[in-house]
Amino acid sequence: MADRDTLPLPLEVRDRLAELELELSEGMDPSVPHERRTPVTPGSSSRYHRRRSSGSRDERYRSDVHTEAVQAALAKQKERGKMAVPMPSKRRSLVVQSSMDAYTPPDTSSGSEEEGSMQGEGTPTSSQGSINMENWISRAIHGSTTSSTTSSSSTQSGGSGAASRLADVMGQTHLGKSENHSTPPDVTGYTTDSIQVERPQGSTTASRATPKYGNAELMETGDGVPVGGRVSAKIQQLVNTLKRPKRPPLREFFVDDFEELLEVQQPDPNQPKAEGAQMLAMRGEQLGVVTNWPPSLEAALQRWGTISPKAPCLTTMDTNGKPLYILTYGKLWVRSMKVAYNILHKLGSKQEPMVRPGDRVALVFPNNDPAAFMVAFYGCLLAELVPVPIEVPLTRKDAGSQQIGFLLGSCGVTVALTSDACHKGLPKSTTGEIPQFKGWPKLLWFVTESKHLSKPPRDWFPHIKDANNDTAYIEYKTCKDGSVLGVTVMRIALLTHCQALTQSCGYTEAETIVNVLDFKKDVGLWHGILTSVMNMMHVISIPYSLMKVNPLSWIQKVCQYKAKVACVKSRDMHWALVAHKDQRDVNLSSLRMLVVADGSNPWSISSCDAFLNVFQSKGLKPEVICPCASSPEALTVAIRRPTDDSNQPPGRGVLSMQGLSHGVIRVDSEEKLSVLTLQDVGTAMPGALMCVVKPDGVPQLCKTDEIGELCVCSVATGTSYYGLSGMTKNTFEVFPMNSVGAPISEYPFTRTGLLGFVGPGGLCFIAGKMDGLMVVGGRRHNADDIVATALAVEPMKFVYRGRIAVFSISVLHDERIVVVAEQRPDSTEEDSFQWMSRVLQAIDGIHQVGVYCLALVPSNTLPKTPLGGIHLSETKQLFLEGSLHPCNVLMCPHTCVTNLPKPRQKQPEIGPASVMVGNLVSGKRIAQASGRDLGQMEDNDQARKFLFLSEVLQWRAQTTPDHVLYTLLNSRGTIASSLSCVQLHKRAEKIATMLAERGHLQDGDHVALVYPPGIDLIAAFYGCLYAGCVPITVRPPHPQNIATTLPTVKMIVEVSRSACMMTTAVICKLLRSKEASAAVDVRTWPPVLDTDDLPKKKPPLLYKPSNPDTLAYLDFSVSTTGMLAGVKMSHTATSAFCRSIKLQCELYPSREVAICLDPYCGLGFVIWCLCSVYSGHQSILIPPSELEVNPALWLLAVSQYKVRDTFCSYSVMELCTKGLGLQTESLKSRGLDLSRVRTCVVVAEERPRIALTQSFSKLFKDLGLHPRAVSTSFGCRVNLAVCLQPHRLGKLADQGTSGPDPTTVYVDMRALRHDRVRLVERGSPHSLPLMESGKILPGVRIIIANPETKGPLGDSHLGEIWVCSGHNASGYFTVYGDEALQSDHFNSRLSFGDTQTIWARTGYLGFLRRTELTDASGERHDALYVVGALDEAMELRGMRYHPIDIETSVIRTHKSITECAVFTWTNLLVVVVELDGSEQEALDLVPLVTNVVLEEHYLIVGVVVVVDIGVIPINSRGEKQRMHLRDGFLADQLDPIYVAYNM
């Protein structure tokens, strides 16, 4: 039979093998050259001829029973009614990624240490009798010769691939639970017929023509009805899907003062409970001492090496199945001695040997060289060194090899033994040295081949002792989190374990054993290297390189050598099944024992049954199959004994999956769908005591019908995790307790890490591993079971079997299940999506648990273990840090997250009936504050005697004609132009003349000023005042972006009823250009005056207004909600405003102030245009747009002009922070010095951006910027400046008007959602830092009122900020004169308390807090904290959220998210993120965004939209225009990279 190996396999079998080749690879070392037959299917183009990559999970998982169960579950879901899941939309460029051409075949190391894999159509179990197996196999082979190019459309549900008819997925999969909304989603205003169904790819080209944002109609949509009422069909679908409740309603929500309580999973009263009696510990049979057993393993080696040196010990095979080498006991003994001698005596010097007995050394040998490994291992035992066998590191950055390095480091390893071939194959540096691998200690590589070693002297002899408590070897173990531990095994444990295996397996001298397992650890090491030597057995070692080419090789070797025993995994049985065909002379009658190493895995049973079915006719006896259970800590836990009595059937358990998830054993319930069939793994080992304890908490014995962790008390177990005493205590020194709390034995037990129970007759059943356990909502699920269900979903042609990872991540105080699979390159989006949806349904149907996230990644991209399986912890790590790069993601948070608190019901607030005593409201001081009183302030303010700014300018032109008021800088930092008092006055006169003569305007006519930031704008403004006209400043259209910016200009001009426009010659041209006429109707512009061409003469008479309450100018601005609002500023208010700023900032003619702001509205306009004329100081004007060319312009100007006060906007600050962050050193060398700056005020109408101001201060601290110099201001539409903080860096008392530093407080974000303020310590969970908005301006009074009841609120209560001041605007300037709105905003009164004062409502939420600080007058300082605009706030789940808080969380989650904006639509939260990175990262962001919003805000994200940089619209103040973004999204104008709809 010797020529048996060379028989060519039949063609179909070789086709099948091509598919299988990968699944087998068990991490062969690349350095060892070996031939590989590449089977080529006739006619299959090489491109399609891919190796099917599938490693760890496999056919084991596919018992027919399970497939049927899954199909039944899916069918059941289907009956419940169809449900549409919106398919995500993806940009084309992302889809291309998975075309066949771009495909590289998966690399060949994807077998797995756990299990291999194979595809068949399902394995009949023995209970179904022996069906014609030949037929089954040929079906398996023909069914998938060319890897899955045949489309099995018959199996798709509904078959039609149209994306619009999104598979009938999610049939009710736990959906909705009415979306936690108190009211169902509001989908009013959209009729179903107007919904156009889209293809899944992003935006329709038709809508491209619409300008992106800012067009006039879109601006009106603040209330949420998108233009034309057209809504993306997908969102509509999502909303409809989420409306269907399935989950039980949530429990009552209550607020325990502030805490939002998360749902605690209440145990279901009907859940199954364990009812059995307490179990008894099971004792294995006595370990019989046989007289001639050796006293130690080295003694055994010495005996056989000297008595029978010619006896074969190990035969290794080459890749053709030919015996490569036979190691005899004599050679093993001699060579091991040589290795021992050389390590001890030839490393280091005589005085200082490098290694001493007891030291640890690494063994690095490839999987196809067991002989060299065996010699090295026994050499270490003889030298009394401790071998640490590890995998060959293939690259410097292997997924797990870094962790192995940590293990070597902690074991103090300095020497690595390796073979010649392996040493040559290790990566080398240019000098030829082996580089230090990442995380590894520095190693000396020692080659163990005899030819390199010197012969020991005659008188040297190894010291052979009886087995004692010294450590014999360390076996590595990879934990769930990826860390690698070393399990130490003592010499006595090693010997006892070999004795126990010899007894239970009935090993006798000179038996032949075939080993297919990894000989470096676990069952392969114990049987094939250790126990074999104790009994002088002959091991035939089958390397993986041979199994790849010929999966039948192990069966052929059993026949050839008439082997008595074979050690395999269930996948080896599978491959044999698939490859076995027309092999007539297979005869397995010599086998007395077939050890199935992974027989404890619940899914191995189908392999065992199928194998028996086929090979029973070839002499295989049923009682030969012996599954065993083992773990690195407890070594062999149990093994089924080979019996002679073939009548005794093996133990079977058909258990209810539902029961298992509650940890109890229930034999098959009436629900036939969800059952788990287990086979026994025999009884406890000889000489061992075994019990089952509760998996968590105190190790208490389980009841007989309860699942727990198996524990073993025996000499033959590991003793510790090397160097980790704490973990060792919890694992190796466990004392199980009985129900009264007494330990059941005085000896410690070892936890095995296996979950299971002991059945009748002492038979052990294993239901899973502790590592694969996921506890979701209080129920336990096993990762392997979920993988099996996913694999049973037909059609399987979209993903690789065996390349599926299941793990759980913790989000919002519970575990959430994540499934990641590798997708085949030829599957379409629709197919994969349909498969994903069916997987969700199947897992829901069978396990009653929702999958939180299902991701598909391109083939061959999941990290691999050294043996080719999926590296789970590494995969999880990549998922959590957003570097997994999936090509498809389906998140189902609405389905899974059931522990959210109930939506809040609003409590009726304290109404007017509450008690007011003096200045107290219900025991709290009323929240009110005011700036200094303008009336009492005596100052030598000459400008006060004038009522009108125009008069102030004339007075300055007469008294100080040459005093320079304005200096404008260009991008190079040089002066572009400047204006003295008299120049400004003369220029304004000419403009007034022009208005009268060319514009024929009357008093009170409105004039739009369309100028770039600069001096022309200022002159034109005063020209209008001189002519008695009312100016409106308008930002000019952007020449590169006319289509979106011009409509806004047009709209302001129309809404403000401007009688004419004034501008420069350049802009005149622009307004009449071709592009302009494409964007707006240019014929309807009012007359346009070009001020570059001014008349020479001055006007006869300057206009003097009669009444100071008449209109001075109009201030128009687009709010963040996309509303255009113009407010009226009277002459009185304007002068009061200027005076207030002058006093607050101490502005005098001798001062210079640098201004880098947009001069079109709000405080920015006032500081740019008005303050210099009023106070006489010089303004250095820096247009923010120039900073885009030269980011350092503003700071250089501040430094050059030695400016003490400067004003900027957040966008300017951000530009400097981002643009100059790395240049501070070079700026310093250019002499940039900011030490003179005492105030740098950020002008804004929002909550202070504390992170930005802090990073700005930190960055420029080195350039002399005082950390306290930076402060903020706050203004709004009704009052353009409420607060403005001028810092005084001198002594507080000296500086007369000084205010204290702005304070920062930390508030609880959860309380804030309930409109409460709760101060917390810095760094406490859920804390949100808020910075005071600045000191309240002189003449301003503030009160905090309840926006609903209009009652005053107490100190530190959140409410609307109301303001009363001389410079309040006098009302909105609206076209339609919406009086109700206006009177409410500008003329409100409190409902109780001081009901006389007229207040203006700012529309912002905030609170006042009296601080311990005092100002110069000794008054306690009241700090105002702005939280956010009421218009922007989102009401979700009955709570109030500010978009900025959610956005801040989202931006923090991933380095590639540069900006984020959120908005709601029909009660769904939509998150838009800008991606700065490759488009492949887009899908990584979806789970991260969903997780962080759940964790930090208790909200479920409905839609995640990933867009390019710059898509989120931002207004001139640097504020996000969220409503425009929403309109753009609903009108499909964003061209997103990816849109994910969370289920």
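The values are calculated or read from the model by the stated rules, or taken from the named source; none is laboratory data. Since we're looking at a predicted model, the values are computed, not measured. FYI the Cβ positions are ideal-geometry reconstructions off the backbone, even for glycines, and counts take in every protein chain you see. Only protein heavy atoms, including side chains, enter the accessible area calculation; ligands, DNA and RNA are left aside. Shrake-Rupley method; radii C 1.70, N 1.55, O 1.52, S 1.80 Å.
Less than 11 Å Cβ to Cβ from HIS1454, Lys/Arg counted +1 and Asp/Glu -1: what total charge do the surrounding residues give?
-2
What does the charge add up to near GLY663, with Lys and Arg as +1, Asp and Glu as -1, over the other residues with Cβ less than 9 Å from its Cβ?
+2
Would you please calculate the Kirkwood hydrodynamic radius of segment 1137-1283 over all C-alpha pairs and express it in Å, rounded to one decimal?
15.3 Å
To the nearest 10 square angstrom, what accessible area does ARG1522 show with a 1.4 Å probe?
Taking all protein chains as shown, ARG1522 has close to 20 Å².
At 1.4 Å probe size, with no ligands or nucleic acids counted, give the accessible surface of CYS479 in Å², nearest ten.
30 Å²
If you plug each phi of segment 1031-1036 into the Karplus form 6.51 cos²θ - 1.76 cosθ + 1.60 with θ = phi - 60°, what whole-Hz ³J(HN,Hα) values come out, in order, with x for Gly and Pro?
x, 10, 7, 10, 5, x
Just reorder ILE307, ILE1141 by solvent-accessible area, largest first, 1.4 Å probe, all chains present.
Result, largest first: ILE307, ILE1141.
Counting Lys and Arg as +1 and Asp and Glu as -1, what is the net charge of the other residues whose Cβ lies under 12 Å from the Cβ of ALA996?
My count for the surroundings of ALA996 gives 0.
With a cut-off of at most 15 other beta carbons within 10 Å, and DSSP calling the residue loop, which trypsin sites (Lys or Arg not before Pro) in segment 338-399 qualify? Please list them.
Here the sparse-neighbourhood loop sites are LYS350, ARG396, LYS397.
Arrange the residues ASP1384, ASP1431 by how much accessible surface each exposes, largest first, with a 1.4 angstrom probe.
Ranking ASP1384, ASP1431 by accessible area, largest first, yields ASP1431, ASP1384.
Working with all protein chains in place, sort HIS1454, HIS452 by solvent-accessible area computed with a 1.4 Å probe, largest first.
Of HIS1454, HIS452, the descending order of accessible area is HIS452, HIS1454.
Could you state how much accessible area LYS1335 has, in square angstrom rounded to the nearest 10, with a 1.4 Å probe and all protein chains kept in place?
Looks like 20 Å² after rounding.
Which three numbers, in whole Å and largest first, are the semi-axes of the equivalent ellipsoid of segment 1425-1543 derived from its Cα gyration tensor as √(5λ)?
Listed largest to smallest, the semi-axes of segment 1425-1543 are 20, 17, 14 Å.
Which residues' amide hydrogens lie under 5 Å from the amide hydrogen of THR1272, considering only partners 5 or more residues apart or on another chain, with H built in the peptide plane?
For THR1272, whose amide H was placed from the backbone, the distant partners under 5 Å are VAL1242, GLN1285.
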